[in-house]
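Trainee: Have a look at the structure that comes next, please.
The values are calculated or read from the model by the stated rules, or taken from the named source; none is laboratory data. Quick caveat, the model's predicted, so the values are computed rather than measured. Here Cβ is always computed from backbone atoms with ideal geometry, including for glycine, and neighbour counts include all displayed protein chains.
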Amino acid sequence: MALSSLPLFHRLNGARVVVIGTGAAAEAKRRLLERAGAICCGEPEAHHARMAFVTLEDRREARAAALRLKSKGLLVNVADRPDLCDFTLPSVVERGPVVIAVGTGGASAGLAKQLRLRLETLLPHSLGRLAEGLSAARDRLRARWPDASERRRALDSALTSGGILDPLREDSADALDGWLASSPEPVGTRTVEIVLLSDDPDDLTLRQARWLGEADLILHDAGVPDGILNRARADAERGPITRSVSQPSGLCVVVRAVGSASGD
C-alpha cells in the first residue's frame with residue numbers, strides 16, 4: 001500500500017517562512033515556526049523563503065495566494081484545505097530531541113490530536129535524556145561494537161520492551177552508563193521463519209512484527225505482499241527465498257506466503 005505522504009523532519013533554523021493571514025490560526029503557525037528557529041515573513045519576501053503557510057478563511061483568496069507562492073517554487077500549506085497543500089502539519093509529541101509526529105494527511109486534525117494526547121501519557125519525560133545520552137555515547141558505542149550490525153543488535157536488545165534501556169521506563173536514561181560498562185555481547189546471527197496465515201499485516205503476531213522490524217536480512221516468497229514487507233526496516237537487505245541461508249548477518253527472517261510450507 002502506498003504512503004499517502006512522506007513524513008520528513010525539516011530543519012528551519014534561520015530560514016525564512018512565509019505566513020499569510022491574521023488571527024489565532026496564523027499566530028499559532030508563527031509560534032510553532034519560531035520554536036523551530038524559523039524567521040516568519042510576509043509574501044513580499046517569498047523569494048527568500050523555503051515554504052509558506054496560508055491561513056486565509058476565504059477559499060478563493062487562499063487558493064490564489066497558494067498558487068502565487070507555488071509559482072515562486074515554495075512548498076505551501078493551506079489551513080483546512082488539504083487539497084491545496086503540498087504538505088500537512090502533524091500533531092507533535094516532544095521529549096527533548098525526540099519528536100514524534102502524528103499525521104493523517106489532512107483527513108482529521110482532531111484524530112491526530114487525540115492520538116498525540118494518548119502518546120503524551122505513554123512517553124516518560126526522561127525520554128529526551130535517554131536520547132541525549134545515546135547521542136553523547138556514540139563514540140563509546142562504536143568502540144564497544146565496531147561492527148555496525150552488532151551495534152544495532154546490541155541497541156535493539158537494550159531498547160526493546162522490557163530491556164535495560166526500554167524507552168517507556170522512567171529510569172532508562174540513568175541505566176545507560178551501567179549498560180555500556182557491563183552489558184553482555186549481543187545475540188549472534190540467527191534465522192527465524194514466518195509462515196503467513198493471511199495477507200493482512202494486522203494478522204501478524206507481536207513477535208512476528210518485532211522480528212520484521214529488527215531483521216537485517218529478509219528472504220521472502222514472491223507472493224508475500226508489500227504490506228507485510230513494509231513492516232521491515234527500510235534498510236534491511238531483501239531477497240528471494242533460497243534452499244539454504246548461509247551465514248546471515250544478524251537476524252534473518254524468512255517470510256513464506258499464505259499456504260506455503262518449509263519443505264516447498
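Trainee: Just to be sure, is GLY213 outside the structural domain of ALA101 (by TED's automatic domain parsing), assigned to a helix (DSSP H, G or I) and over 21 Å from GLY259 (Cβ atoms)?
Mentor: Considered against the rule, which asks whether it is outside the structural domain of ALA101 (by TED's automatic domain parsing), assigned to a helix (DSSP H, G or I) and over 21 Å from GLY259 (Cβ atoms), GLY213 comes out as yes.
Trainee: Looking at (1) crowded, with 16+ Cβ neighbours inside 10 Å; (2) of a type outside the set (Asp, Glu); (3) under 25 Å from ARG207 (Cβ atoms), can you tell me which one ALA173 breaks?
Mentor: With respect to (1) crowded, with 16+ Cβ neighbours inside 10 Å; (2) of a type outside the set (Asp, Glu); (3) under 25 Å from ARG207 (Cβ atoms), ALA173 is out only on (3).
Trainee: As an exercise: evaluate LEU122 against (1) surrounded by 18 or more Cβ atoms within 10 Å (Cβ to Cβ); (2) of a type in the set (A, V, I, L, M); (3) in contact (Cβ under 8 Å) with a residue 40 or more places away in the chain and give the number of the one condition it does not meet.
Mentor: Only one criterion is unmet by LEU122, namely (1).
Trainee: Would you be able to say whether some residue in the stretch 11-32 is polar (S, T, N, Q), assigned to a loop (DSSP other than H, G, I, E, B) and at pLDDT 95 or above?
Mentor: Looking through the stretch 11-32, at least one residue is polar (S, T, N, Q), assigned to a loop (DSSP other than H, G, I, E, B) and at pLDDT 95 or above.
Trainee: Among the residues in the stretch 107-122, are any assigned to a loop (DSSP other than H, G, I, E, B) and in contact with a strand residue (DSSP E or B) (Cβ under 9 Å, 6 or more places away or on another chain)?
Mentor: no
Trainee: For PHE87, state whether it is in a loop (DSSP other than H, G, I, E, B), among the hydrophobic types (A, V, I, L, M, F, W, C) and closer than 30 Å to HIS125 by Cβ.
Mentor: yes
Trainee: Given (1) touching a residue at least 40 places away in the same chain (Cβ under 8 Å); (2) within 14 Å of VAL76 (Cβ to Cβ), where does GLU43 come up short, assuming only one miss?
Mentor: Result: GLU43 passes all but (1).
Trainee: Inspect the stretch 225-236 for any residue being more than 21 Å from the chain's Cα centre (by Cα), at pLDDT 90 or above and more than 14 Å from GLY259 (Cβ to Cβ) and give the result as yes or no.
Mentor: no
Trainee: Another question, then. Residues of the stretch 47-96 being modelled with pLDDT of 95 or more, small (Gly, Ala, Ser) and either surrounded by fewer than 15 Cβ atoms within 10 Å (Cβ to Cβ) or closer than 30 Å to ARG118 by Cβ (or both), which ones?
Mentor: ALA64, SER71, GLY73
Trainee: Among the numbered conditions (1) touching a residue at least 24 places away in the same chain (Cβ under 8 Å); (2) outside the structural domain of THR22 (by TED's automatic domain parsing); (3) aliphatic (A, V, I, L, M); (4) in a helix (DSSP H, G or I), tell me where ALA65 comes up short.
Mentor: The one condition ALA65 does not meet is (2).
Trainee: Of all residues in the stretch 127-158, count the ones that are at pLDDT 95 or above and assigned to a loop (DSSP other than H, G, I, E, B).
Mentor: 1
Trainee: While we're looking at this one, here's another question. Just name the residue that is modelled with the lowest pLDDT out of those in the stretch 161-178 that are among the hydrophobic types (A, V, I, L, M, F, W, C) and in contact with a helix residue (DSSP H, G or I) (Cβ under 6 Å, 6 or more places away or on another chain).
Mentor: ILE164
Trainee: For the stretch 90-105, which positions are in a loop (DSSP other than H, G, I, E, B), at negative phi and out of contact with any strand residue (DSSP E or B) (no Cβ under 8 Å at 6 or more places or on another chain)?
Mentor: Result: PRO97, THR104.
Trainee: Pick out the one residue from ALA154, ALA143 that is exposed (fewer than 15 other Cβ atoms within 10 Å of the Cβ), over 19 Å from the mean Cα position of the chain (by Cα) and not assigned by TED's automatic domain parsing to the domain that holds ARG35.
Mentor: Of ALA154, ALA143, the one residue that is exposed (fewer than 15 other Cβ atoms within 10 Å of the Cβ), over 19 Å from the mean Cα position of the chain (by Cα) and not assigned by TED's automatic domain parsing to the domain that holds ARG35 is ALA143.
Trainee: Okay, next question. How do the pairs read when you match residues in the stretch 162-181 that are farther than 17 Å from LEU123 by Cα with residues anywhere that are assigned to a helix (DSSP H, G or I), using Cβ under 6 Å and keeping only pairs 6 or more apart or on different chains?
Mentor: So the pair list comes out as LEU176/GLY133; TRP179/ALA158; LEU180/ARG140.
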